[in-house]
Amino acid sequence: MRSAFRGEFIGQGEAGDKHMIRIEARPQPSAVMAYATPVLAVVLTMIFGGVLFAALGKAPLQAIATIFWEPIFGEFAFFYRPQLLIKGAPLVLIAIGLALGFRAGIWNIGAEGQYIVGAICGAGAGLAFYPAESVLIFPLMVLAGALGGWAWAMIPAVLKVKFGTNEILVSLMLVYVAEQLLASMSLGLLKNPEGFGFPGSRNLQQYPSAHNAEIIAGTGMHWGVVAALIAVIFAYVLLTRHRLGFAIRVTGEAPRAAKFGGVNPGRLVLFCLGVSGLLAGLAGMFEVAGPSGQISIDFNVGYGFTAIIVAFLGRLNPLGIVAAGLLMALTYIGGDIAQSQLGLPAAAIQVFQGMLLFFLLALDLLTNYRVRFGAAEVA
Amino acid sequence: MDLSAINPILLIAAMIAAATPILLAAIGELVVERAGVLNLGVEGMMITGAVCGFIIAVNTGSPTVGFVAAAIGGAVLSLLFAFLTQVALANQVASGLALTLFGLGLSSLMGQSYVGIKPPRAEATPLGPPADIPVIGPIIFGHDLMVYLGLGIVAGTWAVLKFTRMGLVLRAVGENHDAAHALGYKVKRIRTLAILFGGACAGLGGAYISLIRVPQWTEGMTAGVGWIALALVVFASWKPWRVLLGAYLFGGITQLQLNLQGAGVAIPVEYLAMSPYIVTIIVLVILSADKARAPGSLGRTFHASG
């Protein structure tokens, strides 16, 4: 997406501003800067985050250390380290799908909705068999979750292909629809009949055939983590080795060239939105069957939106997304610790994550443009 | 179910009030988009305006000061977007999303000690006696000042875009930024001003929700109104008067479903609450054929290389 704008205005007759600082488009995005900017953005976020924490009356260094150090190396790290996988897996799973679309200039903003619908379908498929036990139930739930997320993403995809409707707005509207659907499900159709009238479904953790249990106990390694790893490999191979991945990259960087090259834009929209919906649905399904356990009104915690930050922080690159997903998971866990130990408000972490995206986008300037100091030369 | 509990006159009056936040946010975004910038951060600016307005109104005791603060709050947040897209030349879609995510976090951080507080009440019927006229009184004269201010901003925007040199320059920048630049117009400066105007309007719209519509502060209380406003600009084909029409349509649906919830219709509350979003999608589908009217440079980054 970034390179679509690059160099568009080269060759303009107008003389540049006679400012001391000039910005020149690079002929090629800088490879060094592409790797350096995410690191720089994290450092800047830590600094400004520290300022924010200080403004909230917390010791800034202590807060930063609590967020980034405590979960991995602190006294209770044995408890927090598995959380890294549990929170990182859905983020990576969703972000991988989003990145495919973002690369092609297809903006699925509604992953949160697809995540919810995937969870509802997955849990619904499992609960339909309650209390029967069979090894087939869990694979069926996986299938249902993936299909649910896929179908929810197909709504904006088909509307875009058929009618040219803006996929950003439609996919986002569907998040709010999905949230209402979630409320309706946890109060109605999927409500636990033995739940004493409380909203929320049966707990899938207590239903062995449907439980997405840890594969190796105490590691946080559940099937969602496996799925995330498979998705990363799939996306990596697709983007670097497959014709379709090439079509995605060309469409993002030069849409006209892609059209002349025989890329079918409609099919690409269906594929990118479909895959991202499918992965988001899977993430929701693994979450509801494992760490969360049940469908409830406040089941979703914004992974679908945070995954957008993860996708950008990972530079829309599958391997980068793994690192970014783990880092973001760290801020969630560290944020929880800082909340209980230092009384840091939960919203402060949200601001912190938003800040990270800001710095990342601002610093992208250094990748695509060269900043020159000194007066403009006469060409 | 008791539909007779719904008073049609009060319903229409309430629809107009329900439309006001959408109207304010949408007219601001319309100006931004006519200048060729797509700011997806409307939701973030609205919620920031909502919390700024609420905090200041509670502390000063004056809703008016609250609204001014909301406009400033929205504009300050939009300045971040202006910096990202006009100075750092970042992608507008990503920057707008960042603004929304950041605004949602920032607002809940700012507002956490204000949950459950009642704001000072704005004067309900500033126009006085005419509001007592049967039927047309409540519908036309019975509103608070912000409703009329919203209408005034729409009319003003229409007039400025259509009849003034300033409006012409703004549209030129939006239609073709290279040509406007070649003519000597400061593309970035004009766009930055448009973005600030959009931020201020979104802020006002947000404060209307937190100070008058609800009136209290809860996290994420704008609940997608900013996104509906974005859809509305497309719906309106970038024309101010059609924004007004669209806002009343969406305000109407929002209000109607609330009234139906209150009247105890057999449809579950959740499905009624979905309706504004579903209607938005349907309208977007019907009107997406009309997209040729979008400003020519919408969403494209401008950089004059020397």
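Just so it is clear, none of the values below were taken in a lab; they were calculated from the coordinates. Note that this is a predicted model, so its numbers are computed, not measured. A quick note on method: Cβ atoms are made from the backbone with ideal geometry, for glycine too, and the neighbour counts reach across all protein chains shown.
Which is the longest run of chain A containing none of the GluC sites (Glu not before Pro) found in DSSP loop states (not H, G, I, E, B) with at most 13 other C-beta atoms within 10 Å? My reading of the result: A:195-376 is the longest stretch.
Toward the positive end of the charge dipole of region A:57-344, with +1 on the Cβ of Lys and Arg and -1 on the Cβ of Asp and Glu, the farthest Cα among A:I72, A:G252, A:A183 is that of A:G252.
Taking the fewest neighbouring Cβ atoms within 10 Å as the starting point, the ordered list for A:V117, B:V265, B:V234 is B:V265, B:V234, A:V117. Every helix of 4 or more DSSP H residues in chain A counts as -39500 (n - 2.57), and over all residues that averages to -22500 deg cm²/dmol at 222 nm.
Ellipticity at 222 nm from helices only: DSSP H runs of n ≥ 4 in chain B, each -39500 (n - 2.57), divided by the residue count, give -22000 deg cm²/dmol.
Compactness check for the protein assembly as shown: Cα Rg over 2.2 N^0.38 Å is 0.96. Rg and Dmax over the alpha-carbon atoms of region A:250-379 stand at 20.0, 67 Å.
Along chain A, the exposed loop sites are chymotrypsin sites (Phe, Trp or Tyr not before Pro) outside DSSP states H, G, I, E and B with at most 10 other Cβ atoms within 10 Å, and the longest stretch free of them is A:197-379. This model, with +1 at the C-beta of Lys and Arg and -1 at the C-beta of Asp and Glu, gives the protein assembly as shown a dipole about its Cα centre of some 2000 debye. Computed on the Cα atoms alone, the convex hull of chain B gives a volume of 134 cubic angstrom per residue. The charge dipole of region A:57-344, taken about its Cα centre with unit charges on the Cβ atoms of Lys, Arg (+1), Asp and Glu (-1) only, comes to about 1140 debye. Axis of helix B:240-263 versus longest Cα principal axis of chain B: the two differ by about 30°, to the nearest ten degrees. Residue by residue along B:80-89, Cβ atoms of other protein chains within 10 Å of the local Cβ number 4 on average. Ordering A:V225, A:A151, A:A125 by the projection of their Cα atoms onto the charge dipole of region A:57-344, which places +1 on the Cβ of Lys and Arg and -1 on the Cβ of Asp and Glu, puts A:A151 at the extreme positive end.
Principal-axis analysis of the Cα atoms of chain B puts helix B:63-82 at an angle of about 30° to the longest axis.
For the residues of B:273-280, the average number of beta carbons from a partner chain within 10 Å of their own beta carbon is 5.
Among the lysines in the protein assembly as shown, how many pairs, 8 or more places apart or on different chains, have alpha carbons under 26 Å apart? For the protein assembly as shown, the number of qualifying lysine pairs is 19.
What is the diffusion coefficient of chain A in µm²/s, taking the Kirkwood radius over Cα pairs and the Stokes-Einstein relation at 10 °C with a viscosity of 1.306 mPa s? Calculated translational D: 72 µm²/s. The Cα atoms of region A:300-360 define a convex hull whose projected area, averaged across directions, is 4.1 nm². Is any helix in chain A, taking whole DSSP H runs, at least 24 angstrom long along its axis by alpha carbon and on average at least 0.5 on the Kyte-Doolittle scale, and which ones? Going by DSSP H runs, the hits are A:31-55, A:77-103, A:111-128, A:137-163, A:167-187, A:223-241, A:265-289, A:318-342, A:346-368. Ranking A:F358, A:P139, A:G302 by Cα position along the charge dipole of the protein assembly as shown, where only Lys, Arg, Asp and Glu carry charges on their C-beta atoms, puts A:F358 farthest toward the positive end. To the nearest whole percent, what portion of all C-alpha pairs in region A:178-246 is separated by more than 18 angstrom? Above the 18 Å cut-off, region A:178-246 has 63 percent of its Cα pairs.
Our summary of shape: the Cα atoms of region A:42-182 have principal axis extents of 51, 46, 27 Å, ordered from largest down, in whole angstrom.
Taken as Cα centroids, region A:57-95 and region B:140-219 sit 42 Å apart, rounded to the nearest whole angstrom.
To the nearest ten degrees, helix B:92-111 and the longest principal axis of the Cα atoms of chain B are 40 degrees apart.
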